[in-house]
Every structure is written in structure tokens, then in C-alpha cells.
Amino acid sequence: MRKLCTALLTLVVLISTTTSVEALESKTIERHNGASAYAEWYEINNNATTYTYLSVTETNDGTDIYVSTYKYGPDYWFEKSGYMFTENDVFSIDKKLNSASLSEINIDVNNWYTGETETMAVKATWTGMGDISKGSSSYSSQNGDYVWKSSDSSTYRGASVTGSINGMDLGASSYASLSNFKSTYMSMEK
């Protein structure tokens, strides 16, 4: 009788294990760690206003860089913007968000007024200022057999920045920041 109970228990365990493996049809987990730096510059000269925006985001895959410049006055307006991705080591950031730097890179930008493309040489150096802020969030949802969950956490610090485009100093920034982030995404279908 004891051998029979042991055999039945073993069979139940094997069946339940097989059932759980079959019940879980797919599961995907993605993790992303990275760091970013942002900067904005405003310049008003007589009737002309120039706004420049720069963002740099580094992950394990590489570095995304986006730059845009708007210039407008009473009777004109133009915008140039461009994006690039590189696996080259062009961006460095201190883990404690004390500093960051973007080496000079050449990025193709489109002039939305003329439709022409040109190359800009861009570089910047950030210096962390003030306290470090931390934040986190999580989300989950289920629709039938499909489950999706996400969570992220980040640290953030304000910064000052010096930068240049085509060798011309952009002056004092109106806003700049540094951040580190971690995010996880999980999807599962039963």
C-alpha cells in the first residue's frame, strides 16, 4: 500500500509539472538599464529667438542622440533637427550624476523650411547640481490569458551644461538634467 501511494504521488507530481509547463505557452522578460542627459538653450537677440534642444540616452545597445534648433522672428521661422544612433563610445556619465560629457559628434540634420540636409558638429559637458531625486513606478494588466507587467526606477539630478554647435558656444542653458534609469517589462501568455 505504501509503495502504491508513493507511486501515485510521483505520478501526480509528474502530471502537474507537465501541465504547468504546457499551461505556460510563452513568457518574455526585457530589462533595460541606462543613463541620459538633456539640455535646453534659449537665446533672444533683438527680434530673433533661438531655441536649441539636445538629448542623449545611453543603454547597453548604444547611444541615441537627438538635436533640434528653432529660430524665429516677426516674419520668419525655421527648424533644423536630427537623430542618430551609434555604438561608439561617445557619451560618459558619472554613476552619482556628478558629471557627463558628449564627445564631439557629427549629426545629419534636416532643415524643415528648405528640405535640405546638413551636418552639425555637436558636443556638450554637464555638471550635476543640487540634490538627487529618486522615483519608481509599476504597472500590471491582464486580459484573458495574457499578462503584462512593467516596473521602472530612476534617479534624477539637475545640471548646468556647456555646449557648442559647429564650434559656436551655445551660452548658458535654461534647463539641463542628468538621470540613470532601470526598467523591466514582462509579458506572459498561459
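For the subset of the stretch 170-190 comprising residues that are open to solvent by 40 Å² or more (accessible area, probe 1.4 Å) and outside any strand (DSSP E or B), which member is nearest to R31 (Cα to Cα)?
Only one residue fits best here, namely K190.
Under 6 Å between Cβ atoms, which residue pairs at least 6 apart in sequence (or on different chains) link something in the stretch 130-145 that is closer than 30 Å to S160 by Cα and modelled with pLDDT under 85 with a partner that is outside any strand (DSSP E or B) and open to solvent by 70 Å² or more (accessible area, probe 1.4 Å)?
none
Quickly run through the stretch 20-37 and pick out the residues that are of a type in the set (S, T, Y) and either surrounded by fewer than 10 Cβ atoms within 10 Å (Cβ to Cβ) or modelled with pLDDT of 80 or more (or both).
S26, T28, S36
Can Y156 be described as within 21 Å of S68 (Cβ to Cβ) and touching a residue at least 12 places away in the same chain (Cβ under 8 Å)?
No; evaluated as a whole, the condition is false for this residue.
So, in the stretch 65-91, of the ones that are among the charged types (D, E, K, R) and farther than 16 Å from M120 by Cβ, which residue ends up farthest from the chain's Cα centre (by Cα)?
Only one residue fits best here, namely D75.
In the stretch 89-96, is there at least one residue being farther than 16 Å from S177 by Cβ, touching a residue at least 40 places away in the same chain (Cβ under 8 Å) and of a type outside the set (F, W, Y)?
no
The values are calculated or read from the model by the stated rules, or taken from the named source; none is laboratory data. Since we're looking at a predicted model, the values are computed, not measured. Cβ: placed from backbone, ideal geometry, glycine included. Neighbour counts: every protein chain shown. With ligands, DNA and RNA removed, areas are computed over all heavy atoms of the protein, side chains included. Shrake-Rupley method; radii C 1.70, N 1.55, O 1.52, S 1.80 Å.
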